[in-house]
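**Q** Let me give you the structure first, and then I'll get to my questions.
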Amino acid sequence: MKRTRIKELLTTPPQNQTVVVKGWVRTFRNNQFIALNDGSTATNLQIVVDFENTPEATLKRITTGAALSITGTLIASQGKGQSVEVVANELEIVGDSDAERYALQPKRHSLEFLREIAHLRFRTNTFGAVFRVRNSLAFAIHQFFNERGFVYIHTPIITSSDAEGAGEMFRVTTLDVANPPRNEAGHVDYTQDFFGKSTNLTVSGQLEGELAAMAFGDIYTFGPTFRAENSNTARHLAEFWMIEPEMAFYDLNDNMDLAEGLLKYVIQYALTHNREDLELLAQRLQEEEKQKPQQERSDMSLIEKLQFCLDHNFERVTYTQAIDILRESNHNKKKKFNYLIEGWGADLQSEHERYLVEKHFKKPVILTDYPKDIKAFYMRQNDDGKTVRAMDILFPGIGEIVGGSQREERLEKLTARMNEMNIPTHELDWYLDTRRFGACPHAGFGLGFERLVLFVTGMTNIRDVIPFPRTPKNCEF
């Protein structure tokens, strides 16, 4: 007989039908009641064991974490808090669990402790909910672009270019690091490396995505990216996933419309398909908020915050306007910002972004037209000679969640900017070909997937929304 997932059983009308259910023991009470979970839902299914006719040796093996296969009768529950339960007719212990060594005892564990046992934390209610939501958001992203005729492109993970010009990249090599070959100048001779040149893990698929957009019109990438930034904040990872669409014949306004539409689409999808998980996470967040000082507590619950983003059109403001707002704010005048805003040209920090969203506009914000000196080389230059057609989307509680721009399609402007920033044009000649052969206005953006999951789940540390976080001095599992 085929097994039925617990999520389905919990909504099945009980008619004394025989069912097969398999899962792991969460708790076992009074030698009679098993709370069983199979990962399909945060809610456990109660299994009623006939302890009088079950061998004592078997009962002793029903410990937290053990894997069971149960054939039984689905009946209306006799207890509170559940609609159905299963009376076990046959009980097989598929996998024993060493109760004394099992780290996940039926009690509340700190998130810090669970990071240390990331191979087991999937089994907790909190992380079960987080990763079911993550799964839904990934599916919704693909569905959103598929419905709009975008082509999904796999861009390379190993690259010889630095899309961001940041230089914080992980090197990929097969050379003997203890004794690498060297050229006449004494430098490492990468011509003898596997690819015949210096290569790294990618920080972005954007440049390659632009190549595809010049053929297909609308494309997107969704893959892992890497940044060797020695940062231990709650918002940074060394390995993370990015969604990067590129659209031919788009200007900055089209780009903003698409990004806003995508964010609202995936948030609505999660609210519709993961309501139980989000309510569990909302309760966790509410308990966490109670531990904070009154002035630091959020005014909105998790569900309210998500609905807030759906109910409001995102405010569109230029960087120059934002600087004026921040400089004249009481927060700045009373020196409550860690980084005071003194004038135009400042690189905005998360505290500034959150002030604009949460205090001033009280809605999501899209900032545009940043100073060119703090943005990447490929962004389209405005006629003022000072700013570029960049855009960042700012969300409550998290700050920047999307960064993008209209791309510079004019060859002479692009090469001049690359020269200004000391980016070797000969190494990106293939990229410049997109401006030589049928150049057109185009735009794109990057959405950090983990930051999206962080926002939707209400978790406060980005290490808790990726299965196995990679951070400085940490590469476990």
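The values are calculated or read from the model by the stated rules, or taken from the named source; none is laboratory data. Just so we're clear, the structure is a prediction, and the values are computed from it rather than from any experiment. In this analysis, Cβ positions are derived from the backbone assuming ideal geometry, glycine residues included, and neighbour counts consider all displayed protein chains. Heavy atoms of the whole protein, side chains included, go into the accessibility calculation; ligands, DNA and RNA do not. Shrake-Rupley method; radii C 1.70, N 1.55, O 1.52, S 1.80 Å.
**Q** Label-point separation (nm) for Ser69 and Ser350, each offset 7 Å from Cα along Cα-to-Cβ?
**A** Modelled inter-label distance: 4.7 nm.
**Q** I want the antiparallel fraction of DSSP beta bridges within the chain, as a percent rounded to 5.
**A** For the chain, the DSSP antiparallel bridge percentage is about 90.
**Q** Right, another one. In percent, what relative contact order does the stretch 282-414 have, based on Cα pairs under 8 Å that are 6 or more apart in sequence?
**A** Relative CO of the stretch 282-414 lands at 20 percent.
**Q** Going 7 Å from the Cα of Leu120 along its beta-carbon direction, which residues of the stretch 437-476 have the amide nitrogen within less than 12 Å of the resulting point?
**A** In the stretch 437-476, the label zone of Leu120 (backbone N under 12 Å from the point 7 Å along Cα→Cβ) covers no residue.
**Q** Ile374 to Glu476: extension gain in nm, 0.36 nm per residue of separation minus the Cα-Cα distance?
**A** Gain on stretching Ile374 to Glu476: 33.2 nm.
**Q** Which of Ala138, Thr173, Pro156 sits farthest toward the positive end of the charge dipole of the stretch 136-197, with +1 on the Cβ of Lys and Arg and -1 on the Cβ of Asp and Glu?
**A** The residue sitting farthest along the positive end of the dipole is Ala138.
**Q** Taking only C-alpha pairs under 8 Å that are 6+ residues apart, what is the relative contact order of the chain in percent?
**A** Answer for the chain is 13 percent.
**Q** Still on this structure: In nm, to one decimal, how far is the Thr318 label point from the Asp176 one, both placed 7 Å along Cα→Cβ?
**A** In this crude spin-label approximation the distance works out to 6.0 nm.
**Q** What's the FRET efficiency of Gln286 with Ser83 using the Cβ-Cβ distance as r and R₀ = 22 Å, to the nearest 0.05?
**A** 0.30
**Q** Diagonalise the Cα gyration tensor of the stretch 142-275 and give the resulting equivalent ellipsoid semi-axes, square root of 5 times each eigenvalue, largest first, whole Å.
**A** Semi-axes, largest first: 36, 19, 12 Å.
**Q** As a test question: what accessible area, to the nearest 10 Å², does Asp429 have when a 1.4 Å probe is rolled over all protein chains in place?
**A** Counting only protein heavy atoms, the figure is 70 Å².
**Q** Binning at 10 angstrom from zero up to the longest distance, how are the C-alpha pair distances of the stretch 1-131 distributed in percent?
**A** 12, 44, 33, 10, 0
**Q** Let me ask you something else. Angle between the Cα long axis of helix 275-289 and the longest principal axis of the chain, 0 to 90 degrees, nearest 10?
**A** Result, in degrees: 80.
**Q** What is the angle, in °, between the Cα long axis of helix 252-273 and the longest principal axis of the Cα atoms in the chain? Nearest 10 is fine, range 0 to 90.
**A** Its long axis makes an angle of about 0 degrees.
**Q** Something else now. In the stretch 239-257, whose amide N lies under 20 Å from the spot 7 Å out along Cα-to-Cβ of Gln268? List them in ranges.
**A** Residues 254-257 fall inside that zone.
**Q** Farthest toward the dipole's positive end in the chain, which of Thr191, Val87, Val21, given Cβ charges of +1 (Lys, Arg) and -1 (Asp, Glu) about the Cα centre?
**A** So the residue we want is Val87.
**Q** Where the only charges are on Cβ atoms (+1 Lys, Arg; -1 Asp, Glu), what is the dipole of the chain about its Cα centre, to the nearest 20 debye?
**A** In total the dipole reaches around 1320 debye.
**Q** Once you've got the Cα coordinates, tell me which of Lys80/Lys107; Lys22/Lys305; Lys107/Lys335 are over 31 Å apart.
**A** Details: Lys80/Lys107 21 Å; Lys22/Lys305 36 Å; Lys107/Lys335 43 Å.
Pairs exceeding 31 Å: Lys22/Lys305; Lys107/Lys335.
**Q** At 0.36 nm per residue, minus the direct Cα-Cα distance, what do Gln32 and Phe249 gain on full extension? Give it in nm, one decimal, please.
**A** Contour length minus the Cα-Cα distance gives 71.5 nm.
**Q** Something else about it: On average, how much accessible surface per residue is there in the stretch 294-405, in Å², for a 1.4 Å probe, leaving out ligands, DNA and RNA?
**A** Computed with neighbouring chains in place, this is 49 Å² per residue.
**Q** Right, another one. Pop a pseudo-label 7 angstrom from the Cα along the beta-carbon direction at both Met300 and His109 and give the gap in nm to one decimal.
**A** 3.2
**Q** Now a separate question. Measure off, as a whole percent, the carbon and sulfur share of the 1.4 Å-probe accessible area of the chain, all protein chains present.
**A** Numbers: 11090 of 23620 Å².
Here it works out to 47 percent.
**Q** Moving on. Normalised by the residues of the stretch 104-211, what does the relative contact order come to in percent, with Cα pairs under 8 Å and at least six apart?
**A** Numbers: 81 pairs, mean separation 27.0, N = 108.
Computed over the stretch 104-211, the figure is 25 percent.
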